[in-house]
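Notes for the one structure printed next.
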Amino acid sequence: MDLLLPFLFADFMGKPAWIWLLFIAIVIALLAFDLGVLHQDDCEIGVRESLLLSAGYISVALLFGAWVWWYLGAPSDMDYCTGS
């Protein structure tokens, strides 16, 4: 435990490592949910399902952006939203 805490709070690209690990965990969880749960069968999806999935993923991205704004401030959120 004593070795893990310094790693989680170590500076990585200007932010603590635990924030990057959280982001990666969210991406992996969404991929596993999409590929493992939603698309178990091999068939085309309709327009309605495609729009609902897109709305869901956009909502998750906006919620994460809201958390970034709340936790790290407006400049970090602007970087996240614009991809810079």
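No lab work stands behind these numbers, since they all come straight from the coordinates. Quick caveat: nothing in here was measured; it's all calculated off a predicted structure. A quick note on method: Cβ atoms are made from the backbone with ideal geometry, for glycine too, and the neighbour counts reach across all protein chains shown.
Quick look at the numbers
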| quantity | calculated |
| --- | --- |
| Order of 49, 44 - criterion: other Cβ atoms within 10 Å of each residue's Cβ, fewest first | 44, 49 |
| For the chain, with +1 on Lys and Arg beta carbons and -1 on Asp and Glu, the positive-most of 9, 54, 28 along the dipole | 9 |
| Packing-based exposure ordering (other Cβ within 10 Å, fewest first) of 30, 35 | 35, 30 |
| Per-bin percent of Cα-Cα distances, the chain [5 Å] | 3, 12, 16, 21, 15, 13, 11, 6, 4, 1, 0 |
| Within the chain, chymotrypsin sites (Phe, Trp or Tyr not before Pro) in DSSP loop having at most 16 other beta-carbon neighbours inside 10 Å | 9 |
| Mean Cα-pair separation over length for the chain, i.e. relative contact order, pairs under 8 Å, 6 or more apart, % | 11 |
| Helical contribution to [θ] at 222 nm, DSSP H n ≥ 4, -39,500 (n - 2.57), averaged over the chain, rounded to 500 | -21500 deg cm²/dmol |
